[in-house]
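Visitor: Before I ask anything, let me first share the structure, which is written out below as structure tokens.
The values are calculated or read from the model by the stated rules, or taken from the named source; none is laboratory data. If you're wondering where the values come from, they're calculated on a predicted model, not measured in any experiment. FYI the Cβ positions are ideal-geometry reconstructions off the backbone, even for glycines, and counts take in every protein chain you see.
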Amino acid sequence: MAAVRVAQQVGQLTMIERVLLVVPALAGLFLGLFPLLLPKVFAQVSHFPADDTYVYQLAGAATLGYGVAFLLGVLRGDWLELRLPVIGGLVFNVAAFFACVYTLVRGGAPYSVSLVLAATVLVSMLNSVLLYRYRHVPRPPQDLAMGTVRVFLLIGALAAGTFGVLPLFAPGLGTLVHLQINAPFIVRQAGAASLGYAVMTVFAQRALSSQELRLPIIMAAIFNGVAGIVSIPAILAGDVLLLPWLIAPVGLAVLVGTLVGLRRAWPQTTPTTTSIPV
């Protein structure tokens, strides 16, 4: 127990915590890559209509960033690196819990909604416990100027907040941008993931340490970059008239800005970690 307290004080995750974090990491990778690369197959497996595969790809892009960040957090074992993604993940899963309950109460939900509901409860509990356990770990001192990157993070936060709140609470508004909304649950899940990014990025605005900003920058680059890239075929197809025209330029601009910031925030050598008994 003394060794665990030492681990908490220095911000080093215990082996048990790292093992538990593998679950949200793999879930984020799977639920990100599957709808992103095979949206029609994903729709069939999850028993949702696949009328608009662009919506599934956006949901996959939003979820993928969480999987990558949590996987890197597991490998590196540094709590301060993972703190902001955990905050974003908690917001994501709480919002996703609301989407699941709302869908189940309305009736006729496929089995996949119940599976997502169970996952959101477990991940929310894990994230909450971690935030509580490591609440006293001291914040690192400022070690870099991130003025330009802050601008791109702020743009990403505003975009993520807009595409988080509206799809989460009013998925039917997607018809205004010519989306075929026959799977509102998927739209709500995409909104929940986006809302998590927005809240995480707001907290990131207060961080001046490369240690804290590395993973949020990676997440922002993945989410915005992938969303921007998948918007290009939608623009060329001409099926969706407005939304990809909004997402593509913003997503690609944030991608460029965050990649520049990542070069500043990522260390030249990987810090060594000390094994902490559990």
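Visitor: Could you please find all residues in region 137-166 being exposed (fewer than 14 other Cβ atoms within 10 Å of the Cβ) and modelled with pLDDT of 85 or more?
Guide: Once the filter is applied, which keeps residues that are exposed (fewer than 14 other Cβ atoms within 10 Å of the Cβ) and modelled with pLDDT of 85 or more, region 137-166 yields only Pro138.
Visitor: Looking at the structure I just gave you, is Tyr134 surrounded by 13 or more Cβ atoms within 10 Å (Cβ to Cβ) and of a type in the set (Phe, Trp, Tyr)?
Guide: So Tyr134 fits the description; yes.
Visitor: Give me the residue from region 221-243 that is of a type outside the set (A, V, I, L, M, F, W, C) and out of contact with any helix residue (DSSP H, G or I) (no Cβ under 7 Å at 6 or more places or on another chain) and, out of that set, modelled with the highest pLDDT.
Guide: So the residue we want is Pro233.
Visitor: Search region 33-60 for residues being in contact with a Leu (Cβ under 7 Å, 6 or more places away or on another chain) and hydrophobic (A, V, I, L, M, F, W, C), and hand back the single one that is farthest from Ala248 (Cα to Cα). Break it down stepwise before answering.
Guide: So in region 33-60, the residues in contact with a Leu (Cβ under 7 Å, 6 or more places away or on another chain) come out as 33, 36, 52, 55, 57, 60.
Pick out the ones that are also hydrophobic (A, V, I, L, M, F, W, C) and you get 33, 36, 55.
On the way: Leu33: 19, Leu36: 16, Val55: 14 Å.
Ranking the candidates gives Leu33 first.
Visitor: Kindly evaluate Val94 against the criterion of being among the hydrophobic types (A, V, I, L, M, F, W, C), within 18 Å of Leu31 (Cα to Cα) and modelled with pLDDT under 95.
Guide: It is false that Val94 is among the hydrophobic types (A, V, I, L, M, F, W, C), within 18 Å of Leu31 (Cα to Cα) and modelled with pLDDT under 95.
Visitor: Could you list, in sequence order, the residues of region 96-110 that are surrounded by fewer than 24 Cβ atoms within 10 Å (Cβ to Cβ) and either part of a helix (DSSP H, G or I) or hydroxyl-bearing (Ser, Thr, Tyr) (or both)?
Guide: Phe97, Phe98, Val101, Tyr102, Thr103, Leu104, Val105, Arg106
Condition check ((1) among the charged types (D, E, K, R); (2) free of Cβ contacts under 8 Å to residues at least 60 places away in the same chain; (3) at positive phi; (4) not in a loop (DSSP other than H, G, I, E, B)) across all residues:
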{"residue": "Leu20", "(1), (2), (3), (4)": "no, no, no, yes"}
{"residue": "Gln44", "(1), (2), (3), (4)": "no, yes, no, yes"}
{"residue": "Asp51", "(1), (2), (3), (4)": "yes, no, no, no"}
{"residue": "Tyr54", "(1), (2), (3), (4)": "no, no, no, yes"}
{"residue": "Val68", "(1), (2), (3), (4)": "no, no, no, yes"}
{"residue": "Gly89", "(1), (2), (3), (4)": "no, no, no, yes"}
{"residue": "Phe92", "(1), (2), (3), (4)": "no, no, no, yes"}
